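What follows is calculated from the coordinates using simple rules that are stated; it is not laboratory data. Since the structure is predicted, the reported quantities are computational estimates derived from the model, not experimental observations. For neighbour counting, all protein chains shown are included, and Cβ atoms are generated from backbone atoms with ideal geometry for every residue, glycine included.
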Amino acid sequence: MLIAKGLKKNYTSKVKTGFLKSTTKKVEAVRGLDLTIEPGSIVGLLGLNGAGKTTTIKMLSTLLEPDEGSCAIDGLDLVKDAFQIKHMVNMIAGGERMVYWRLTARENLEYFGRLYSIPKEELKSRIESLIRFVGLQERSEEAVEKYSKGMKQRLQIARGLINDPKYLFMDEPTLGLDAPIARDLRRFTKSLAKEQGKGILLTSHYISEIEELCDYVYIIDRGLKIMEGTPKEIASIVANCTNKYKIKLNVLPDKLRGQFETFMSTVQSEFQLEEVDGGIEIDVSSHKDIQSELISMLSQQSKIISFTAMEPKLEDAIITLSEVKNYEQVHA
């Protein structure tokens, strides 16, 4: 099990204050972060740009040393036992980084495997298995520069698995990929956790990906953890903050429209109205539960064809939490 407690990481950057003048500024990238990853689980790490996700992954993968805090991976200390931990973890990043384009897939895997001092025969067998696993058998002898984005990303997965890590850190692994390829990579990720028992930490800007894959989620904002729980638990927090309804009516008479607009103004709620297929569609967003009032008002002068209360989404929760946190910081 990976258990991190109170991880902190600060950077110092220069800020220009005038012509040929600058001052140093301390940036708190990660501020006292606690998180746990169990073998066989997929844990999401979410936040807006600059939240500290990549810095966290770099610390857990021993690429950066924490300024404060501790982390134990299967009982080993992240800092004191860094050499041993390097053989237990690996990282997969999105985009086309971390592989050598002029080498073939097989040569890339052989190079990275030797960095881990994997015995020759074991490495040969592992390379064959990984090439099959990511579906690159027919192109394994071609230079990577001839690969598509999807093929390069599949090779990245193979590279990230070359040392058979117990814990895998995936930083936006489907970034910029076509939908079918991204779907395949999600399938790979599931199988790594559920079939091979690897503990996975996943960052992504695709909220549907997090909802589909993750067993547990941490949300951070400006390096600080602001929420944790299952995707469903976190999404549900916006149920009391943002209620969304999709309504379809057969008609919306002028009198009813006036009553509706007055009511929406009174409860300080937003709406969008559109004529569609001979009917009227209304999208409502409200910080209050106004479902019963809407049904009662609209049904008196019109026929409600459909009324749907929308499920809260994880993306809504992240935005809501970040806004609330920023408000608290400004008004503290």
Segment 84-231 - Rg over Rh from alpha carbon coordinates, Kirkwood radius: 0.98
Partners for residue 194 among aspartates and glutamates (Cα-Cα distance below 17 Å; same-chain residues under 8 apart left out): 38, 164, 184, 209, 211, 212, 215
Principal-axis tilt of helix 254-266 within the chain, Cα atoms, nearest 10 degrees: 60 degrees
Under 18 Å from residue 248, Cα to Cα: aspartates and glutamates that are on another chain or at least 8 residues apart: 261, 270, 274, 275, 277, 281, 283, 293, 311
Degrees separating the helix 179-194 axis from the principal Cα axis of the chain, which is the longest one: 70 degrees
Listed pairs 5/120; 198/244; 53/246; 8/152; 124/146 exceeding 28 Å between Cα atoms: 5/120; 198/244; 53/246; 8/152
Percent RCO, i.e. relative contact order, over the chain, from Cα pairs under 8 Å lying at least 6 residues apart: 19 percent
Debye equation applied to the C-alpha atoms of segment 189-259, log10 I(q)/I(0) at 0.17, 0.19, 0.26, 0.27 Å⁻¹: -0.78, -0.89, -1.28, -1.32
Environment charge of residue 10, counting only residues whose C-beta is closer than 13 Å and scoring Lys/Arg +1, Asp/Glu -1: +2
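With +1 on the Cβ of every Lys and Arg and -1 on the Cβ of every Asp and Glu, and nothing else charged, how large is the dipole of the chain about its Cα centre, in debye rounded to the nearest 20?
Numbers: 46 positive and 47 negative charges, 241 e Å.
Magnitude of the dipole: close to 1160 debye.
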For the chain, built as a Gaussian network whose Cα springs stay under 10 Å, the top-fluctuating residue of 236, 204, 302: 302
Most mobile listed residue (231, 180, 39) in the chain, GNM with C-alpha springs under 10 Å: 180
Segment 188-217 and segment 98-157: distance between their alpha carbon centers, rounded to Å: 23 Å
10 Å beta-carbon shell around residue 223, net charge (K/R +1, D/E -1): +4
Alpha-carbon spread of segment 137-204, three principal axes, descending order, Å: 32, 25, 18
Two-site FRET efficiency, residue 117 against residue 230, from Cβ-Cβ distance with R₀ of 35 Å, rounded to 0.05: 0.35
Using alpha-carbon coordinates, inclination of helix 105-115 to the longest axis of the chain, degrees: 70 degrees
Sequence ranges 47-55, 254-262, ranked by mean other-Cβ count within 10 angstrom, highest first: 47-55, 254-262
GNM top mover of 23, 266, 308 - the chain, alpha-carbon springs below 10 Å: 23
Among beta bridges that DSSP assigns inside the chain, antiparallel share in %, nearest 5: 75 percent
Mean ellipticity per residue at 222 nm, deg cm²/dmol - from DSSP H runs of n ≥ 4 across the chain, formula -39500 (n - 2.57): -11000 deg cm²/dmol
